[in-house]
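**Student:** Supplied in structure tokens, the structure appears directly below.
The values are calculated or read from the model by the stated rules, or taken from the named source; none is laboratory data. Bear in mind the structure is a predicted one, so any value in this text is a computation, not a measurement. Cβ placement follows ideal geometry from the backbone for every residue including glycine, while neighbour counts extend to all protein chains displayed. The area values use the complete protein model at the heavy-atom level, side chains included, leaving out ligands, DNA and RNA. Shrake-Rupley method; radii C 1.70, N 1.55, O 1.52, S 1.80 Å.
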Amino acid sequence: MGKNRGKIQDQNMELRIHEGNEKEHEENYEEPLLDHEDEKLIKRALIDFKCKVEDAMHGNYLFGIPDTHPCHNQTTKEIEQLNEIKLWGVALMPSKPHEGTDTLLLKFLKSKNYVVHEALEKLRKTLAWRKEFKADEILEENLGPEFQKVAYLNTVDKEGRPVFYHVYGDLKDKPMQYLEKMRSEEKSDKFLRWRVQQMEKCIKELNFEPGGADSLIQVIDWKDFQGPHTKELRSVYRKCWTLLEEHYPEIIHQYIIVNVPLRYYVSHSFSSRLITHKPSNKIIFARPGKVTETLLRFISPENLLVEYGGLKRINDNEFSSEHKVFELNLKAHASTHIEIPAPEVGVTIVWDVTVVEWDVTYKEEFIPEDEGSYQVLLQDKEKKGGERLCVRNSYYINEGGMISIFIHNHINKCKKVFYRYKTKPTVPTYLLYKT
């Protein structure tokens, strides 16, 4: 009985942590605004940091080599090469600045709460690690096809930042023997190199100049990737997480972890608090039922992938992000109609509709202008819990009328509906065969 009571208490505590942290992660999406005094302190810290970086470069100890090292005396050519040290294509020498130098140095400062000597130490360690790891040459490496489906760069967020997806569920079909090999140092190192390679590819999409998108959004999907068979890969993933925090400061603006198991959620919340001594607002967790709602806070529907409840399809020949998207609010236990005018004959109308969350009835009809013509039922479906509604359909218009879309919400919660449409000229099939 005592053991059972202990289990119940543990579960209750786990749920309280889950609820509290979820609320905490769903708020504070925006960074706090800086007041005048904060801005002054940051500027002062940046000036001090730039001076120390330049001293370290001239003194040849940016990589940890002290002034008294026997190799300190260098030729003019070697000094010039040292002055041209770059990180991600940005020159670090403050007296010969690149337009992105201040932006890059501020990332190191911010990651260390603007403590200058700690930021300098982090920069030195990062440069030394990149030299040892050969990170500047890693884009040329062929690391094989093993993880190709796991990661991809697709679209941008509402602020123009690249969005990078990691879908670890794509590894669920790998044989058990393969995942167990992740325990080996060779496999673990290969995964780390692959992860760094993906990061370097993402950085190629960034712009460190003032006003540019100098950070990215990382979406991590743990759907279908649970259970003991994934233990080894999760262990390697934690190493990746640490490596990115150490050597890619403030490059990832926001981590959005979706479809997260409760136990992983709680354990990660605890571990991040132990490491940073405070909760991280950079990490957002989304339960399966909250995935679309959470992602839409950062990514507009035309740029959010269909599998996450958006309108974006890979290699889409019909729509682009330039097409206008309409938004409707669907009240609890209420219905709404979407009317797409179709007055022109001899064209095809194409439309996309997505409903945030599920439990809806959805029906499409073509309604002709001529009262003597028949209405045409195009689709009639019902989506229950767990099934997201994302529809694309088209209809050739051979008489004037309209496309009518009916949506009914079955639950006591408001939902958002996004849709778009276009008209394209079409030659009827029978005319093609006639010639």
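**Student:** Could you tell me whether Val350 is assigned to a strand (DSSP E or B) and either in contact with a His (Cβ under 9 Å, 6 or more places away or on another chain) or closer than 24 Å to Ile367 by Cβ (or both)?
**Tutor:** Numbers: assigned to a strand (DSSP E or B): yes; either in contact with a His (Cβ under 9 Å, 6 or more places away or on another chain) or closer than 24 Å to Ile367 by Cβ (or both): yes.
Taking the combined requirement at face value, the residue satisfies it.
**Student:** Also, quick follow-up: So how many residues does the stretch 255-277 have that are surrounded by fewer than 19 Cβ atoms within 10 Å (Cβ to Cβ) and at pLDDT 90 or above?
**Tutor:** The number of residues fulfilling the criteria is 1.
**Student:** From (1) open to solvent by less than 10 Å² (accessible area, probe 1.4 Å); (2) of a type in the set (Ser, Thr, Tyr); (3) over 33 Å from the mean Cα position of the chain (by Cα), pick out the condition that doesn't hold for Thr354.
**Tutor:** Just one mismatch for Thr354, condition (3).
**Student:** Among the residues of the stretch 155-185, write down those that are open to solvent by 30 Å² or more (accessible area, probe 1.4 Å), in a loop (DSSP other than H, G, I, E, B) and modelled with pLDDT of 65 or more.
**Tutor:** Correct list: Lys158, Glu159, Gly160, Arg161.
**Student:** Further question: Condition (residue is closer than 19 Å to Asp214 by Cα and within 25 Å of the chain's Cα centre (by Cα)) applied to the stretch 137-151: is it met by at least one residue?
**Tutor:** First pass over the stretch 137-151, keeping only residues closer than 19 Å to Asp214 by Cα: none.
Looking for residues that are closer than 19 Å to Asp214 by Cα and within 25 Å of the chain's Cα centre (by Cα), one finds none in the stretch 137-151, hence no.
**Student:** Which of the residues that make up the stretch 141-154 are at pLDDT 85 or above and either open to solvent by less than 30 Å² (accessible area, probe 1.4 Å) or of a type outside the set (S, T, N, Q) (or both)?
**Tutor:** Kept after step one, since they are at pLDDT 85 or above, are these residues of the stretch 141-154: 141-142.
Matches in the stretch 141-154: Glu141 only.
**Student:** Using the structure shown, decide if Ser321 is closer than 23 Å to Thr292 by Cα and either open to solvent by 20 Å² or more (accessible area, probe 1.4 Å) or not small (Gly, Ala, Ser) (or both). It would help to see each step written out before you state the result.
**Tutor:** On the way: closer than 23 Å to Thr292 by Cα: yes; either open to solvent by 20 Å² or more (accessible area, probe 1.4 Å) or not small (Gly, Ala, Ser) (or both): yes.
The answer is yes for Ser321.
**Student:** Would you say Leu62 is outside any helix (DSSP H, G or I), modelled with pLDDT under 95 and open to solvent by less than 60 Å² (accessible area, probe 1.4 Å)?
**Tutor:** Numbers: outside any helix (DSSP H, G or I): yes; modelled with pLDDT under 95: yes; open to solvent by less than 60 Å² (accessible area, probe 1.4 Å): yes.
Yes.
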